[in-house]
Amino acid sequence: MELREYQQKALQQVGAYLEALGKWREKNRVVIAAAGKEAALNVPERAWEEVSKRPYHSRKNGMGESIPNFCVKIPTGGGKTLLAVKIIDQFFTTCLKKQTGVVLWVVPTTQIYNQTLKALRDRDHPYRQHLDMASAGRTMILEKWDKFTPSDTLENLVVMLLMLPSAARQNKETLKVFKDSSGFDIFFPPEDDAPRHKALLEKVPNLDAFNGGDGFWGAQIKTSLGNTLRILSPLIILDEGHKAYSENAQGTLYGFNPCGIVELSATPDKTRSNILVEISGVELNREGMIKLDLHIINKTSPDWKDTLLEAVRQRDALEKKSNKHAAEEGAYIRPICLIQVERTGKEQRGGRFIHAEDAVEYLKNTCNIPPERVAVKSSEKDDIEGIDLLARDCHVRYIITKQALQEGWDCSFAYVLAILTNPSSKNSLTQLVGRILRQPYARKTGVKELDESYVFCFKQKGKTLLDSIRDGFARDGLGDLASSYQLQESVEDMAGDKEPVAYRERFRHWANKIYLPVFAIRADHRWRQVKYETDIISRIDWSKADFSPLADIQLSLMKDTGGEILVNLSEDQKEVIRYRSEMLREGNFSIDPAFLSRHLADIIPNPWECYQICDRVLKTIAVKTEPPVMADNLVTIVEELRKRAEEEKERLSRLIFLDLLEKKTLRFFMLKDEKETQRLRSSFMAPKEVKRLTRENGEPLQRSLFEIMPENGFNDLEKSVAWYLEEQERLLFWYKGIARVDYYIQGWRQHRVWPDFIFTDIHPKNEKDFAKVFIVETKGFHLENNDDTNYKKDIFKLCQDHYEEKSWSELSLEFPEKKVRFSVIKEEEWRQRINEFFAA
């Protein structure tokens, strides 16, 4: 399973923290050796301060030891389970220096538990395959009632799944995890060996015991799963970590004496979690992981059946598209419609509430849907239990529920959501919207309708709809998308009655005639817009990539002796572990060019070139480093190699782009070809009740290109710029662009540049015409010097330097020639820059 860019960056951040942990552990050993345990450093906190500017919330396990704990904030649909298995590999390789041990995987709900267990037990599933790679094929997936032995933990990567309610005990005497059990007595001294019980309690003082130390036999340690985990010090993976903030849950989890806790959450509390990695909804959308635009259709009909009928029609239309797509591309998709009703219980039918059986009858009798295509999911009835909804032989197209799908349910074939609940019930849309956002196969199809999602509502108020969408996105960690103009416009476009918005009367002669320049390349005897994959990446000569800095890569000299040995192990067992580690280095876990090239395939597409590069790099490192040390630093080598490859890809892409410009193979001008040209659209659809942006004093806009501009498409800085433009006497009109919809510029990076504002001056000889077009990108204080801003500055400078004034008469326009100016303006200077534009 190929890692996306944001996943790679996340793992790099985690890797940096784990490397810092190793460094500070070494320093701590020196401090303790010199000044004693009293002078010990808080290693997790010191390492955190090296890689993050956020405050660190220090945590201690049940023995009072500070342990590393961090959170990966990742939205719904972002691949948190994949990140989790990769982080397990990183943690064991980098921190524990071994491939075996215990992982306690804690999940909050039965739905998530079953899905995770199924995936991890399937040897053909990518999640399991990643674990098998980390353990060299020695992986055990267990549940709390499964027994295991010390040998199992020494010879395997043991992953135990546990439900949060099972771990977060209120009364430990009543929970099986903490009950005395004969299945784990092999981990503990014999019952009659009081001295060894005492010694083990001194070593692990938070073990549960009978007698509490009193009585003739002294304390007797309970042979429970809970105590076994305390001895084994597992790595804890905490899924949906924000649901484990209670004092009771935290006390129990840290009471397992973990060697570390990795929290994964869409909505962590920054005052309680150490957020090391924060992945935004924009990053997921950019990688094609979620279905956007999200269309909200608000039916005003008083009959809920009209709403359901519209949802059925939409799903049917999508299936036609998916069948055609499958025939052409071979990718099977069967669109599913989720239907939320108000009641599902057998005794609850009748009265004014919409019941699941009402929806079932309507689908079967009125819409002629075959019975096998309709399923009900509730606490009493579960028609989809044990069914693989993604399988080709599955017939399910409709799933009716009340709230059973709100937590942890995951099916990327879910495209349509029909909300038939009471309009006053805000939670309906809030809790279910995330269930239809995941993109099938985590990649866009290229078919617009199959790359978007649809919600049909029943008599909802416009404002309530938008508030619910915002809340729903926030619940799923997609809060940054909730403020996106693209999303807001799409949502409002479909909500209730809508109307076209056109240019203002005095600007309508410009409709479909405002052309804008693009980077164009000559191909097949014509000019067309440049394409990233076809025209830039395909031209990279990887033989010119410079990987020489990797010759001086800093690798740790710490040798892998098999990791720390846990309780009751003999010297013979230690030797066995050491021997096994050597076998892994020389066999399944060896470092060779083929192994490394698999980790670079997404950056260097040609497998032969990729292999040659990896071979040269390994030989270069081997000049100064012994093979065993290289094997111990596998993660570091892979990370540094990927980092360097990305840097070289950026450098070479830029050089290719500049060289094409220099040779005039690539030019920047306006294109005449109707299929290739870019121009401002002449209208868009907006709800009649949309909140309009006004001037700062509340008066209607006068100089915007369109008659109205929806207020929700502007952030605070953009509002201020728009208000200021409204005051400029020399301005003819202004327009706020929409990302992924309007004018864009393709540079040497994959992601396009979508300018924020396009505005014009008044022509000195004709007040109804303009002489200059200003294309402007605004950047807030927090974004002024980041990589994205610097890239856009470079692109805009190239645009300005290479702009060629294509004759407008050649474009069949009767207007005089226009000049175009590109600029990136910072928050603290935008007024001054705008003044300069109109003063020139």
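The values are calculated or read from the model by the stated rules, or taken from the named source; none is laboratory data. Just so it is clear, the model here is predicted, and its values are computed rather than measured. Counting neighbours? That spans all protein chains shown, and the Cβs are built from the backbone with ideal geometry, glycine included. Just the protein is used for accessible areas: all its heavy atoms, side chains included, with ligands, DNA and RNA removed. Shrake-Rupley method; radii C 1.70, N 1.55, O 1.52, S 1.80 Å.
Does the stretch 621-633 hold any residues that are open to solvent by less than 20 Å² (accessible area, probe 1.4 Å) and more than 14 Å from residue 550 (Cβ to Cβ), and which are they?
Quick first cut of the stretch 621-633, residues open to solvent by less than 20 Å² (accessible area, probe 1.4 Å) only: 621, 630-631, 633.
The one that is open to solvent by less than 20 Å² (accessible area, probe 1.4 Å) and more than 14 Å from residue 550 (Cβ to Cβ): 631.
Based on this model, can you work out whether residue 769 counts as open to solvent by less than 60 Å² (accessible area, probe 1.4 Å), closer than 21 Å to residue 283 by Cβ and either touching a helix residue (DSSP H, G or I) at 6+ places or on another chain (Cβ under 8 Å) or not hydrophobic (A, V, I, L, M, F, W, C) (or both)? Break it down stepwise before answering.
On the way: open to solvent by less than 60 Å² (accessible area, probe 1.4 Å): yes; closer than 21 Å to residue 283 by Cβ: no; either touching a helix residue (DSSP H, G or I) at 6+ places or on another chain (Cβ under 8 Å) or not hydrophobic (A, V, I, L, M, F, W, C) (or both): yes.
Taking the combined requirement at face value, the residue does not satisfy it.
Restricting the search to the stretch 121-143, which residues are under 25 Å from the mean Cα position of the chain (by Cα) and part of a loop (DSSP other than H, G, I, E, B)?
122, 123, 124, 125
What are the residues in the stretch 696-716 that are of a type outside the set (Gly, Ala, Ser), within 16 Å of residue 686 (Cα to Cα) and touching a residue at least 24 places away in the same chain (Cβ under 8 Å), if any?
Quick first cut of the stretch 696-716, residues of a type outside the set (Gly, Ala, Ser) only: 696-697, 699-703, 705-712, 714-716.
Cutting the leftovers down to within 16 Å of residue 686 (Cα to Cα) gives us 705-712, 714.
If the condition is that a residue be of a type outside the set (Gly, Ala, Ser), within 16 Å of residue 686 (Cα to Cα) and touching a residue at least 24 places away in the same chain (Cβ under 8 Å), then 705, 706, 707, 708, 709, 710, 712, 714 are the ones that fit.
Quick one: in the stretch 289-316, of everything that is farther than 26 Å from residue 355 by Cα and not charged (D, E, K, R), which residue is surrounded by the fewest Cβ atoms within 10 Å (Cβ to Cβ)?
Step one: of the stretch 289-316, the residues farther than 26 Å from residue 355 by Cα are 289-294.
Narrowing the set further to residues that are not charged (D, E, K, R) leaves 289-290, 292, 294.
Numbers: 289: 25, 290: 28, 292: 22, 294: 24.
If we take residues in the stretch 289-316 being farther than 26 Å from residue 355 by Cα and not charged (D, E, K, R), then 292 is surrounded by the fewest Cβ atoms within 10 Å (Cβ to Cβ).
Yes/no matrix, rows are residues, columns are (1) among the acidic types (Asp, Glu); (2) more than 26 Å from residue 80 (Cα to Cα); (3) in a strand (DSSP E or B):
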site: 363; (1), (2), (3): no, yes, no
site: 368; (1), (2), (3): no, yes, no
site: 376; (1), (2), (3): no, yes, yes
site: 379; (1), (2), (3): no, yes, no
site: 386; (1), (2), (3): no, no, no
site: 390; (1), (2), (3): no, no, no
site: 393; (1), (2), (3): yes, yes, no
site: 399; (1), (2), (3): no, no, yes
site: 410; (1), (2), (3): yes, no, no
**OP:** Could you list all residues from the stretch 57-91 that are assigned to a helix (DSSP H, G or I) and open to solvent by 10 Å² or more (accessible area, probe 1.4 Å)?
**Re:** 80, 81, 86, 89, 90
Original post:
Is there a residue in the stretch 420-428 that is modelled with pLDDT of 60 or more and surrounded by fewer than 21 Cβ atoms within 10 Å (Cβ to Cβ)?
Top reply: yes
Subject >> Single unsatisfied condition, residue 779 versus (1) open to solvent by 20 Å² or more (accessible area, probe 1.4 Å); (2) under 27 Å from the mean Cα position of the chain (by Cα); (3) modelled with pLDDT under 90 >> reply: (1)
Subject >> Lone unmet requirement of (1) more than 21 Å from the chain's Cα centre (by Cα); (2) assigned to a helix (DSSP H, G or I); (3) under 30 Å from residue 289 (Cα atoms) for residue 16 >> reply: (1)
Subject >> Total residues in the stretch 312-344, condition in a loop (DSSP other than H, G, I, E, B) and not β-branched (Val, Ile, Thr) >> reply: 6
Original post:
Out of all the residues in the stretch 17-63, which are of a type in the set (Val, Ile, Thr) and touching a residue at least 12 places away in the same chain (Cβ under 8 Å)?
Top reply: 43, 51
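Name every residue in the stretch 378-398 that is under 17 Å from residue 344 (Cα atoms) and either at pLDDT 90 or above or not basic (Lys, Arg) (or both), in order of residue number. Can you show your working first?
Residues of the stretch 378-398 under 17 Å from residue 344 (Cα atoms): 378-385, 398.
Correct list: 378, 379, 380, 382, 383, 384, 385, 398.
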**OP:** Go through 772, 797 for me and flag whichever is in contact with a Ser or Thr (Cβ under 8 Å, 6 or more places away or on another chain), modelled with pLDDT of 85 or more and basic (Lys, Arg).
**Re:** 772
Subject >> Of the criteria (1) in contact with a helix residue (DSSP H, G or I) (Cβ under 6 Å, 6 or more places away or on another chain); (2) at pLDDT 80 or above, which one residue 538 fails >> reply: (1)
**OP:** Taking only the stretch 515-543 into account, find how many residues are farther than 24 Å from residue 751 by Cβ and either in contact with an Asp or Glu (Cβ under 9 Å, 6 or more places away or on another chain) or buried (at least 16 other Cβ atoms within 10 Å of the Cβ) (or both).
**Re:** 2
**OP:** Give just the number: which of (1) at pLDDT 85 or above; (2) of a type outside the set (A, V, I, L, M, F, W, C); (3) open to solvent by 10 Å² or more (accessible area, probe 1.4 Å) does residue 726 not satisfy?
**Re:** (3)
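Among the candidates 708, 745, single out the residue that is β-branched (Val, Ile, Thr) and in contact with a Cys (Cβ under 9 Å, 6 or more places away or on another chain). So that I can check it myself, show each step before the final result.
Details: 708 fails: in contact with a Cys (Cβ under 9 Å, 6 or more places away or on another chain).
Matching residue, one of 708, 745: 745.
Do you know which of the residues in the stretch 802-840 that are of a type in the set (D, E, K, R), open to solvent by 40 Å² or more (accessible area, probe 1.4 Å) and over 37 Å from the mean Cα position of the chain (by Cα) is modelled with the lowest pLDDT? Break it down stepwise before answering.
Here is the first cut: in the stretch 802-840, the ones of a type in the set (D, E, K, R) are 804-806, 810, 814, 817-819, 821, 826-829, 831, 833, 836.
Restricting the remaining residues to those that are open to solvent by 40 Å² or more (accessible area, probe 1.4 Å) gives 804-806, 810, 814, 817, 819, 821, 826-829, 831, 833, 836.
The next check asks that each one be over 37 Å from the mean Cα position of the chain (by Cα); those that pass are 804-806, 810, 814, 817, 819, 836.
Values: 804: 63, 805: 57, 806: 53, 810: 48, 814: 45, 817: 65, 819: 85, 836: 91.
Across the stretch 802-840, the extreme among qualifying residues is 814.
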Original post:
Does the stretch 104-112 include one or more residues that are in contact with a Ser or Thr (Cβ under 9 Å, 6 or more places away or on another chain), closer than 30 Å to residue 628 by Cβ and β-branched (Val, Ile, Thr)?
Top reply: no
Subject >> Whichever residue in the stretch 266-284 is buried (at least 23 other Cβ atoms within 10 Å of the Cβ) and outside any loop (DSSP other than H, G, I, E, B) and, among such residues, is modelled with the lowest pLDDT >> reply: 281
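Does residue 690 satisfy the condition of being open to solvent by less than 40 Å² (accessible area, probe 1.4 Å), of a type in the set (Val, Ile, Thr), in contact with a helix residue (DSSP H, G or I) (Cβ under 8 Å, 6 or more places away or on another chain) and within 30 Å of residue 648 (Cβ to Cβ)? If you could, list the steps in order and put the result at the bottom.
Details: open to solvent by less than 40 Å² (accessible area, probe 1.4 Å): yes; of a type in the set (Val, Ile, Thr): yes; in contact with a helix residue (DSSP H, G or I) (Cβ under 8 Å, 6 or more places away or on another chain): yes; within 30 Å of residue 648 (Cβ to Cβ): no.
Judged against the criteria, residue 690 is not a match.
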Subject >> Search result, residues across the stretch 565-624 that are under 30 Å from residue 188 (Cα atoms) and modelled with pLDDT of 80 or more >> reply: none
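Listed here are the residues, each with its yes/no results for (1) out of contact with any Pro (no Cβ under 9 Å at 6 or more places or on another chain); (2) touching a residue at least 24 places away in the same chain (Cβ under 8 Å).
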| position | (1), (2) |
| --- | --- |
| 87 | yes, yes |
| 102 | no, yes |
| 106 | yes, yes |
| 117 | yes, yes |
| 139 | yes, no |
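More than 30 Å from residue 264 (Cβ to Cβ), open to solvent by 30 Å² or more (accessible area, probe 1.4 Å), of a type outside the set (Phe, Trp, Tyr) and out of contact with any His (no Cβ under 6 Å at 6 or more places or on another chain), is that true of residue 349? Before you say what the answer is, go through the steps one by one.
Values: more than 30 Å from residue 264 (Cβ to Cβ): yes; open to solvent by 30 Å² or more (accessible area, probe 1.4 Å): yes; of a type outside the set (Phe, Trp, Tyr): yes; out of contact with any His (no Cβ under 6 Å at 6 or more places or on another chain): no.
For residue 349, the condition - more than 30 Å from residue 264 (Cβ to Cβ), open to solvent by 30 Å² or more (accessible area, probe 1.4 Å), of a type outside the set (Phe, Trp, Tyr) and out of contact with any His (no Cβ under 6 Å at 6 or more places or on another chain) - is not met.
Restricting the search to the stretch 602-620, which residues are assigned to a helix (DSSP H, G or I), open to solvent by less than 50 Å² (accessible area, probe 1.4 Å) and either of a type outside the set (Val, Ile, Thr) or touching an Asp or Glu at 6+ places or on another chain (Cβ under 7 Å) (or both)?
Our first condition is that a residue be assigned to a helix (DSSP H, G or I); within the stretch 602-620, this holds for 607-620.
If we keep only those that are open to solvent by less than 50 Å² (accessible area, probe 1.4 Å) too, we end up with 610, 613-615, 617-618.
610, 614, 615, 618, listed by residue number.
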**OP:** State the number of residues belonging to the stretch 228-265 that are among the hydroxyl-bearing types (Ser, Thr, Tyr), open to solvent by 20 Å² or more (accessible area, probe 1.4 Å) and not in a helix (DSSP H, G or I).
**Re:** 3
